[in-house]
Amino acid sequence: MASRRSAGLFRRARKSIPGGVNSPVRAFGSVGGTPRFLARGKGCRVWDADGNEYIDYVGSWGPLILGHADPSVLRALRAAAADGTSFGAPTEREIDLAEAIVAAVPSIERVRMVSSGTEASMSAIRLARGATGRKRILKFEGCYHGHVDALLVGAGSGVATLGIPGSPGVPEEFTQLTLQAPFNDLAAVEDAFSRWGEEIACVIVEPVAGNMGCVPPLPGFLEGLRELCTRAGALLIFDEVMTGFRVAFGGAQERYGVVPDLTCLGKVVGGGLPAAAFGGRADLMDQMAPDGPIYQAGTLSGNPLAAAAGLATLERLRRPGSYEALAKRTRQLAEGLQTLADEIGVELTTVVVGGMFGFFFHPGPVQSFEAAKKSHAERFRRFFAAMLEAGVYLAPSPYEAGFVSLSHGPRDLDQTLEAARKALRRAARVR
Ligand code: HOZ
């Protein structure tokens with residue numbers, strides 16, 4: 001498969017953009033080879049600058065739950081753009097989106113729009129600290145909440161992909177108030193609470209971890225966090241940037257029946273445009289400026305194009321059967337991969353939660369970052385390269401989840417599994 005034009009664009013990009021990319025994982029650093037410069041997408045397919053076609057399981061890292069260039073999203077965008085692209089003043093579309101979010105997500109009584117998941121988690125943490133008057137926060141190893149200074153410890157996603165412990169530029173003092181516990185380890189959280197209980201403002205967690213591959217919560221884990229937080233007077237924050245409107249319409253909190261105090265949203269809520277949000281109990285959210293003293297602001301927050309794309313996406317997802325169809329396709333894909341791996345005799349653990357999936361070249365179980373890191377890196381690289389060559393675009397890192405959209409159909413899944421048969425054989429050759 002030719003990648004001459006992508007290679008040329010990468011060389012050109014490196015002259016004006018650090019590393020040639022605007023987000024590190026995109027550079028293919030951990031898988032090697034040339035990052036594909038994508039030219040267009042339609043449904044579940046994307047085409048690169050050399051004209052190669054791929055079945056896409058990245059979906060802009062989650063937002064494109066309807067697929068690329070969905071007609072209803074494009075219609076909504078055209079209508080919104082014709083009215084003007086940004087005002088820095090309130091608009092009616094923002095209220096429509098806020099009302100849709102409040103109606104959908106169990107814990108959210110009020111919601112504030114921002115532009116990225118990083119902003120959402122940064123703002124939720126500020127609110128938690130401001131509302132409780134406490135300083136410490138607790139996060140989980142391998143969870144990633146954007147590139148917020150205080151959260152760049154033991155982080156997943158690009159930080160894990162690059163294998164770095166944190167980041168220069170984040171003074172040690174900035175992370176001294178961040179406590180860490182292994183994901184799914186309630187005893188460690190209990191321990192932290194017994195030591196620092198009075199000082200912990202919040203626990204922030206991806207209810208289904210999606211930045212160390214895909215790692216679901218063990219039964220009782222989220223419930224236990226809820227109980228420990230309530231008992232200690234700390235707030236529970238669900239980072240549902242990935243899981244929101246993805247693992248159920250009401251996110252992981254609907255799926256698992258655990259209600260956090262605050263929730264971060266992103267990705268699907270913006271329908272493929274830059275939008276995110278944080279929301280929660282009214283008594284907490286009302287402490288945000290301008291009604292309350294906790295400050296947060298943004299010129300493009302609630303941007304009318306992003307609100308329109310988000311609304312059109314939620315509208316489509318609300319149709320009966322959407323989540324059943326999404327879950328069925330994702331399950332078929334993961335089960336197909338697992339069956340092939342078992343037949344070929346390569347150790348593989350596949351994971352599915354709603355419309356997201358993960359796979360580890362490891363016999364499993366994978367319930368923590370420690371276990372996720374044991375996935376066979378070279379097998380992943382071989383598998384990734386073979387899939388790409390065969391026209392299947394997967395996340396170029398083992399520390400990311402995969403995403404299926406409503407536009408992936410039986411033919412796409414069959415083609416993917418056909419490619420996987422050969423790719424797994426290649427991975428199996430690595431000892
Ligand atoms: N950290 C993002 C996914 N978890 C990657 C975003 C990107 O590279 O676009």
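What follows draws every value from the coordinates through simple rules; no lab data is involved. Since the model is a prediction, treat every value here as computed from it, not as a measurement. All Cβ positions, glycine included, derive from the backbone under ideal geometry; neighbour counts span all protein chains shown.
Any idea what the dipole of the range 210-254 comes to, in debye rounded to 20, about its Cα centre with Lys/Arg Cβ at +1 and Asp/Glu Cβ at -1?
Here the range 210-254 has a charge dipole of around 40 debye.
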Inset, instruction - Once you have all Cα-Cα distances for the range 229-360, histogram them in 5 Å bins from zero and send the whole-percent values. - result: 2, 9, 14, 17, 17, 15, 10, 8, 5, 2, 1, 0, 0
Legend entry - Two-decimal Rg/Rh across the range 270-339, once Rg and the Kirkwood Rh are taken from alpha-carbon atoms: 1.18
Inset, instruction - Just need log10 I(q)/I(0) for the range 299-431 at q = 0.16, 0.21, 0.22 Å⁻¹, Debye formula, equal scatterers on the alpha-carbon atoms, no solvent, rounded to two decimals. - result: -0.84, -1.21, -1.30
Inset, instruction - Using only C-alpha atoms and all pairs of different ones, pull out the Kirkwood radius for the range 316-384 in Å with one decimal. - result: 13.1 Å
Legend entry - Rounded to the nearest 20 debye, dipole of the range 145-228 from Cβ charges on Lys, Arg, Asp, Glu: 260 debye
Legend entry - Bins of 10 Å from zero: percent of alpha-carbon pairs in the range 163-205: 22, 47, 29, 2
Inset, instruction - May I ask you to sort Thr85, Thr175, Thr263, Thr313 by Cβ crowding, counting other Cβ atoms within 10 Å and putting the fewest first? - result: Thr85, Thr175, Thr313, Thr263
Legend entry - Radius, Kirkwood style, for the range 194-295 when every pair of distinct Cα atoms is counted (Å): 14.5 Å
Legend entry - Euclidean distance of C-alpha centroids, the range 13-49 and the range 224-290, integer Å: 31 Å
Legend entry - q = 0.09, 0.10 Å⁻¹, the chain: log10 I(q)/I(0) [Debye, one scatterer per Cα]: -0.54, -0.68
Legend entry - Fewest-first ranking of Ser194, Ser16, Ser30, using other Cβ atoms within 10 Å as the exposure measure: Ser16, Ser194, Ser30
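Using only the Cα atoms of the range 53-155, build the gyration tensor, take square roots of its eigenvalues as a ≥ b ≥ c, and label the shape rounded, prolate or oblate: rounded if a/c is under 1.5, else prolate if a/b is larger than b/c, else oblate. Don't skip to the answer; put the middle values down first.
Numbers: a/c = 2.31, a/b = 1.38, b/c = 1.67.
Here the range 53-155 falls in the oblate category.
State the percent of C-alpha pairs, over all pairs in the range 186-248, separated by a distance greater than 14 angstrom. If you can, show how the numbers build up before the last one.
Working: 1132 of 1953 pairs.
Considering the range 186-248, 58 percent of its Cα-Cα pairs are separated by more than 14 Å.
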Inset, instruction - Work out from phi, with θ = phi - 60° and the Karplus expression 6.51 cos²θ - 1.76 cosθ + 1.60, the ³J(HN,Hα) of each residue of the range 116-128, listed in order in whole Hz, and give x for Gly and Pro. - result: 8, x, 4, 4, 5, 6, 4, 6, 5, 5, 4, 5, 4
Legend entry - Virtual spin-label span in nm between Glu109 and Glu418, 7 Å along Cα→Cβ: 5.5 nm
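What does the convex hull of the Cα atoms of the range 361-418 come to per residue, in Å³, rounded to a whole number?
Details: hull volume 6.0 nm³, N = 58.
So the per-residue hull volume is 104 Å³.
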Legend entry - Packing rank of 34-44, 421-431, where each peptide gets the mean count of other beta carbons within 10 Å, highest leading: 34-44, 421-431
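Where Rh denotes the Kirkwood radius from the mean inverse Cα pair distance, what is Rg over Rh for the range 111-154?
Details: Rg = 10.8 Å, Rh = 11.2 Å.
With Rg and the Kirkwood Rh in hand, the quotient comes to 0.96.
Note down the magnitude of the dipole of the range 1-141 about its Cα centre, charges +1 on Lys and Arg C-beta and -1 on Asp and Glu C-beta and zero elsewhere, to the nearest 20 debye.
On the way: 22 positive and 13 negative charges, 167 e Å.
Magnitude of the dipole: close to 800 debye.
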Legend entry - Peptide ranges 96-103, 247-254 listed from the most packed, as the mean C-beta count within 10 angstrom indicates: 247-254, 96-103
Inset, instruction - Output the direction-averaged projected area (hull surface divided by four) of the convex hull of the alpha-carbon atoms of the range 136-237, in nm². - result: 6.0 nm²
Legend entry - Cβ-defined net charge surrounding Phe403, 10 Å radius [Lys, Arg +1; Asp, Glu -1]: 0
Inset, instruction - May I ask you to derive the relative contact order of the range 1-125, considering only C-alpha pairs under 8 Å and at least 6 residues apart, and to give it as an integer percent? - result: 14 percent
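Rank by packing, highest mean first: peptides 209-216, 107-114, 8-15, 302-309, with packing defined as the count of other Cβ atoms within 10 Å averaged across residues. Don't jump to the answer; show the numbers that get you there.
Numbers: 209-216: 29.0, 107-114: 22.4, 8-15: 14.4, 302-309: 25.2.
Order by mean packing, descending: 209-216, 302-309, 107-114, 8-15.
Contact order normalised by length for the chain, with contacts defined as Cα pairs under 8 Å and 6 or more residues apart; what percent is it? Don't skip to the end; give the middle numbers.
Working: 896 pairs, mean separation 94.1, N = 431.
Relative CO of the chain lands at 22 percent.
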Inset, instruction - Calculate the spin-label point distance for Ala82 paired with Lys42, positioning each point 7 Å from the Cα along the beta-carbon direction, and give it in nanometres. - result: 2.3 nm
